[in-house]
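The structure under discussion appears below in the form of structure tokens.
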Number of protein chains: 2
Amino acid sequence: MSDPLLRHRAEALFARLQDEVCARLEELDGAARFGRDEWRRPGGGGGTTRVLADGAVFEKGACNVSTVWGPAPPALVEHLGVAAGEFFATGISMIFHPRNPHAPTMHANLRYFECDGGAAWFGGGQDLTPYYLYADDVRAFHRNLADCCARHEVADYPAWKAWCDRYFHLPCRGEARGVGGIFYDHVRELEPMLAFSEDFGEHLLAAYAPIVARRRETPTTPAQERWHLLRRGRYVEFNLLYDRGTRFGLQTGGRTESILVSLPPRVRWDYLAEPAAGTPERELLDLLRGPPRDWL
Amino acid sequence: MSDPLLRHRAEALFARLQDEVCARLEELDGAARFGRDEWRRPGGGGGTTRVLADGAVFEKGACNVSTVWGPAPPALVEHLGVAAGEFFATGISMIFHPRNPHAPTMHANLRYFECDGGAAWFGGGQDLTPYYLYADDVRAFHRNLADCCARHEVADYPAWKAWCDRYFHLPCRGEARGVGGIFYDHVRELEPMLAFSEDFGEHLLAAYAPIVARRRETPTTPAQERWHLLRRGRYVEFNLLYDRGTRFGLQTGGRTESILVSLPPRVRWDYLAEPAAGTPERELLDLLRGPPRDWL
């Protein structure tokens, strides 16, 4: 028998995490501050969108929470294969686009969902998208996730790492979006997952913040900057062509500005921009086009 | 009884139009030249992708032809509701992104399709996406299309204009992509449509080239440049989220670089970038968010 207050405990956790993540990111940036926009959903619920723009370290960052409920929209029923009826969903979603091409983009999401008939589950994940490969950074990022999973019997780093590799993949390019992380969904052990979500949420930045601090001042050439913007184009392609959360949010009448705030601020598309052999750009691309790597 | 050589006549027409359009655009640009890439499709057929980049007038432009055939991929069968079996498709597609924000983006497409059982049809269209509204330009663009349609009994400017307005619409933004044009599909009067396609193809640039020539030197501020890149973001959103041709092409194993060459070269996304009341940017946005306008 699950705790009828669990939805409120999850919502409160995500609200607290939003405050903590934004405070930590502002500290890391040192210049820009997050704005705050509250919005209401006509069908029930709403959210708080927090965006930082034109910072010293982060060109754009967003950390959003939303808690929505009401009759399940047809797209939701079809998407999840759940019974029509009432639903409840609460979640936190964040994405940070550093200015320096040597500092990777990071995305994370934690969510809790309930629908009619008593079904309820947690989902979420975190993944890293570098523009230049620093293997130590990637190892530290995965190590942090594996350590967090190891503290919780319900969490399965190898399975969730593989799920992440499958999910963040662009079939049209034959490329991974980045170097992965973890992805999980429909995990129904609610109390253990709430405890995991708290631990995971509190350690989301434990590996990422030091990576950004290490790379933020790396000298950068115009060619590297151009590569950065081209690779950001792949991020846009993934989010608009393939990401189920984005498409689902737009189809169910989510707040478009809050959903598409994930898109990078400046982006390029050039025709046939393949990097030359032997370059760091080629090294990254070969990695993204190859089989997923074990980073531990 | 349709001409068994019609597919070849359509293919030859599109190849000739590609040469003519590229020559005219190079003349208009005065600096850059189109490249030429031939590609083969493993399942049958291939195409010629012609791209111009970093021109004096056009920041990016592409004019592609492809002719493909073979067993209909499952996505095609589902997409078109046709019988599984052999298919044949030939088409020309073009998109031009001028550098100056006062010059509009133009897209056009003409295609011919056959499938097992003898069904065959033409589709196509042309539409204009301005970043600043010059009503005379829009009127000239629509007048050129209406005049072309008036020369052919098979063509129906009012119906095809309305179809274009419905098609190039972003539900997530509640905005039209631009100021429309014409869109038509599944038109089965083959000989009349081949004649229309020839006339339409030969007059595609009759209104657009003079518009670009008029606007190419318009003085531009950094704020106008930023608006240009933001609106190009909407173009990306439409093509990746909604455009059936793009999604269908990627799903059926089309050449990704040829399909996504439609995307603008430089793009921005800013959170909540709403223009102020009384500005030209607001005027355009109000137009795009309002009901379609009769431009004749």
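Observations, loosely collected:
- For the range A:19-67, residues that are without any contact (Cβ under 8 Å) to a residue 60 or more places away in the chain and of a type in the set (V, I, T) total 3.
- Residue identified as away from every other protein chain (no Cβ under 14 Å), touching a helix residue (DSSP H, G or I) at 6+ places or on another chain (Cβ under 8 Å) and of a type in the set (A, V, I, L, M, F, W, C) among B:V57, B:V51: B:V57
- Subset of the range A:166-184 that is small (G, A, S) and away from every other protein chain (no Cβ under 14 Å) - its residue that is nearest to A:Y132 (Cα to Cα): A:G178
- Residues that are over 22 Å from A:Y184 (Cα atoms) and more than 18 Å from the chain's Cα centre (by Cα), drawn from the range A:73-113: A:P73, A:P74, A:A84, A:G85, A:E86, A:N100, A:P101, A:H102
- Some residue of the range A:265-287 being of a type in the set (S, T, Y) and within 24 Å of A:I95 (Cβ to Cβ): no
- Some residue of the range B:78-91 being part of a strand (DSSP E or B) and touching a Pro at 6+ places or on another chain (Cβ under 9 Å): yes
- Single residue of A:A119, A:A135, A:A140 found to be over 19 Å from the mean Cα position of the chain (by Cα), of a type in the set (A, V, I, L, M, F, W, C) and closer than 18 Å to A:W295 by Cα: A:A135
- Yes/no for A:V236 being within 30 Å of A:G91 (Cβ to Cβ), facing another protein chain (nearest Cβ under 8 Å) and in a helix (DSSP H, G or I): yes
- Matching residues in the range B:239-296 - criterion: being of a type in the set (K, R), without any contact (Cβ under 8 Å) to a residue 60 or more places away in the chain and exposed (fewer than 14 other Cβ atoms within 10 Å of the Cβ): B:R282
- Residue count, the range A:108-127 (criterion: surrounded by fewer than 23 Cβ atoms within 10 Å (Cβ to Cβ) and in a strand (DSSP E or B)): 8
- Residue count for the range B:248-263, restricted to those that are more than 7 Å from chain A (Cβ to nearest Cβ) and either more than 30 Å from B:E225 (Cβ to Cβ) or touching a helix residue (DSSP H, G or I) at 6+ places or on another chain (Cβ under 6 Å) (or both): 9.
- Candidate set from the range B:204-219 (those that are surrounded by fewer than 16 Cβ atoms within 10 Å (Cβ to Cβ) and not small (G, A, S)); member that is nearest to B:V57 (Cα to Cα): B:E217
- Subset of the range A:148-158 that is under 26 Å from A:G290 (Cα atoms) and more than 18 Å from the chain's Cα centre (by Cα) - its residue that is surrounded by the fewest Cβ atoms within 10 Å (Cβ to Cβ): A:P158
- Filter result for B:C172 (under 22 Å from B:I92 (Cα atoms) and either free of Cβ contacts under 8 Å to residues at least 60 places away in the same chain or surrounded by 20 or more Cβ atoms within 10 Å (Cβ to Cβ) (or both)): no
- Screening B:Y208 with (1) touching a strand residue (DSSP E or B) at 6+ places or on another chain (Cβ under 9 Å); (2) assigned to a helix (DSSP H, G or I); (3) hydroxyl-bearing (S, T, Y); (4) within 14 Å of chain A (Cβ to nearest Cβ) gives one miss only, at (4).
- Selection of the range B:219-233 for residues being assigned to a helix (DSSP H, G or I), more than 13 Å from every other protein chain (Cβ to nearest Cβ) and more than 19 Å from the chain's Cα centre (by Cα) yields B:P222, B:A223, B:Q224, B:W227.
- Condition check for B:V77: among the β-branched types (V, I, T) and farther than 30 Å from B:L229 by Cβ: yes
- Residue check for A:L145: in a helix (DSSP H, G or I) and buried (at least 22 other Cβ atoms within 10 Å of the Cβ): yes
- Residues in the range B:25-41 that are away from chain A (no Cβ under 14 Å) and either assigned to a strand (DSSP E or B) or surrounded by fewer than 15 Cβ atoms within 10 Å (Cβ to Cβ) (or both): B:E27, B:G30, B:A31, B:R40.
- Test for B:E153: is it among the acidic types (D, E), in a loop (DSSP other than H, G, I, E, B) and at pLDDT 95 or above: yes
- Any hit, the range A:270-286, residues being more than 13 Å from every other protein chain (Cβ to nearest Cβ) and in contact with an Asp or Glu (Cβ under 7 Å, 6 or more places away or on another chain): yes
- Looking only at the range A:185-205, residues that are within 16 Å of the chain's Cα centre (by Cα) and either within 14 Å of chain B (Cβ to nearest Cβ) or not in a helix (DSSP H, G or I) (or both) come to 2 in all.
- Criterion: crowded, with 20+ Cβ neighbours inside 10 Å, modelled with pLDDT under 95 and either more than 14 Å from every other protein chain (Cβ to nearest Cβ) or in contact with a His (Cβ under 9 Å, 6 or more places away or on another chain) (or both) - qualifying residue of A:A72, A:A84, A:A10: A:A72
The values are calculated or read from the model by the stated rules, or taken from the named source; none is laboratory data. Only a predicted model underlies this, so the values are computations on that prediction, with no experimental measurement involved. Neighbour counts are summed over all protein chains in view; Cβ atoms, including those assigned to glycine, are modelled from backbone coordinates with ideal geometry.
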